[in-house]
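Working notes, beginning with the structure itself.
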C-alpha cells in the first residue's frame, strides 16, 4: 500500500502587496511554507493544511464506519425481523445527520463570517468527536429497547451538526492561506483528506473482522472503532488551537465589526448569490452521489452480492488508497488545463461508467467488481478539486462561510445523503443493483451540462487572470512551481 506523498512546498503566491490582487510576476515574500504572510502572524502553510485535512478525516471516519458497519448496527440497535427494514432504518440515521446540516451549516457559517474560522473549527471538531465516540458507548436494543435507536439518532444529529460546516470552513481556511494560483491543487488535498478517515476506518475494521470471532465482533468489537475517533480528534484540536486567521481575513472581520450596519450574511447570501449556489449544487451533484456510494454503500452491495465482509473491506481499502492521489492529481490538472475541461471530460466518462460498475458488482466475479469499484473511485475523486473550489470561492469573503456551508450541505443532504437509502430501496423493488446505476448516470449528465454551460467563475478565475497578465506563474507546473519546458 502506497501512501500519498506529503504536499510539496508551494512557490511564492505572486500576489499584490495586499495578498489579494492578481499576479504581477514578482513577489518578494517568502514562500507559504516558510511564512504564510509577510507580517509573520499567520501560521505556517503546512500547519493550516494539516488542520484542515485532519478535521476532514475525523468527519469521514465516522461516515465510513457508519456505512461499513451498517449491517452490524442494524442488528444491534433495531428489533429482529425484516433485515431490509432494519438496514433502511440504519441508513435513515445517515440521512438524519445530513438533514440537520443545512440548518447547522447556515448557523455555523454565519458564526464563521462573524467570529472567524478558528473558533468554528474548534467547535466542529468537538461536536463531531462527541457524536462519534458516543455511538460506541450506546446500549443495544436488547438492553434498552426503543431508546437504542432514539439515542443513535441523537448521536447522529450531534455529529451532523459538527460536520455541517467542517469541510467548507476548513477548506476556506486553507485557501485563504495558500497561493491563489494553486487553488484547485490545494482543494485536491482537501478532497484527498476525505479518503484518509475512511481508509483508517476500513483498515481497522478489516483487522478486527479477521482477528476477532464473528460473535465477539458483533457483540463489542465494532464499538472499538467508534471509540478510536477520540485520539484523532484530540490531535486535530491541538493543531487548530495553534493556528490563526489569515491577516486579510482578520482585517475584514475587524472592519465588519466596526461597521455601523448590522451584519446579515445569511440574508445577503440567499438574496444576492442564490444563482451561484444553485450552480455549485448542480455542478457537484454527480460527485456527491458517487462519494456516498463509495463511503457508505459499496461495502454493503458487495456483501449482499456474496463476496463476504473481508473481501468487501479489501475493495473499500483500495478505493481510499487510490482516492487521495486521484484528487490531488485532479487539482493539478484543473490548475494547469482548466477546471471546465477536466469536469466536462470527467463527468462524461462517469456517465458511461456508472451502469457498468453496478453490472460488475452483480457479475459474481470479485476481480471484475473490484476493478470497477476502484475505477469508479478514481473518476469520482479526479473531479473533486475544482468542485470544492466552486463550493467555497464562488462567494465574497463576508458571506463565504454562510453561502459555502449552505450550498454544500443542501447538495450533500438532498443528493449524497439519500443515495444509500435510494439504492437500497431500488434494489428491493427491482431486484438489481443496476437500477441505481441508471439514476446516477442521469445525475452525472446534469453535472456535465452545468460544467459545460454554467461553470462557476471561481474555478478558472486565477488561471484566466494569470494568462491575461502573462504572469510567469502561468507557465509553472501546478505542483512543483518549476518552469515548464
(request) May I ask you to say which residue of 68, 88, 95 is within 23 Å of residue 143 (Cα to Cα) and either modelled with pLDDT of 75 or more or crowded, with 23+ Cβ neighbours inside 10 Å (or both)? (result) 88
(message) Conditions first: (1) surrounded by fewer than 24 Cβ atoms within 10 Å (Cβ to Cβ); (2) over 23 Å from residue 186 (Cα atoms); (3) touching a residue at least 24 places away in the same chain (Cβ under 8 Å); (4) in contact with a helix residue (DSSP H, G or I) (Cβ under 9 Å, 6 or more places away or on another chain). Residue 369 passes all but one, so which condition is the exception?
(response) (1)
(request) Would you tally the residues in the stretch 440-462 being buried (at least 19 other Cβ atoms within 10 Å of the Cβ), assigned to a loop (DSSP other than H, G, I, E, B) and modelled with pLDDT of 80 or more? (result) 1
(request) Could you give me the residue pairs with C-beta distances under 6 Å whose first residue belongs to the stretch 69-93 and is at negative phi and in contact (Cβ under 8 Å) with a residue 24 or more places away in the chain, whose second residue is surrounded by 14 or more Cβ atoms within 10 Å (Cβ to Cβ) and not in a helix (DSSP H, G or I) wherever it lies, and which are 6+ apart or on separate chains? (result) 76/140; 89/78
(request) Search the stretch 372-416 for residues being outside any helix (DSSP H, G or I) and crowded, with 24+ Cβ neighbours inside 10 Å, and hand back the single one that is farthest from the chain's Cα centre (by Cα). (result) 395
(message) So, in the stretch 417-426, exactly how many residues are in contact (Cβ under 8 Å) with a residue 60 or more places away in the chain and surrounded by fewer than 24 Cβ atoms within 10 Å (Cβ to Cβ)?
(response) 4
(request) Select, from 354, 300, the only residue that is crowded, with 18+ Cβ neighbours inside 10 Å, at pLDDT 90 or above, in contact with a helix residue (DSSP H, G or I) (Cβ under 8 Å, 6 or more places away or on another chain) and closer than 25 Å to residue 87 by Cα. (result) 354
(message) Here is a check on your reading of the model: is residue 137 at pLDDT 85 or above and assigned to a loop (DSSP other than H, G, I, E, B)?
(response) yes
(message) Of all residues being free of Cβ contacts under 8 Å to residues at least 12 places away in the same chain and in a loop (DSSP other than H, G, I, E, B) in the stretch 143-174, which is farthest from the chain's Cα centre (by Cα)? Just the residue, please.
(response) 145
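The values are calculated or read from the model by the stated rules, or taken from the named source; none is laboratory data. As the structure is a prediction and not an experimental result, all values here were calculated from the model. Glycine also receives a Cβ, built like all others from the backbone with ideal geometry; neighbour counts cover every protein chain displayed.
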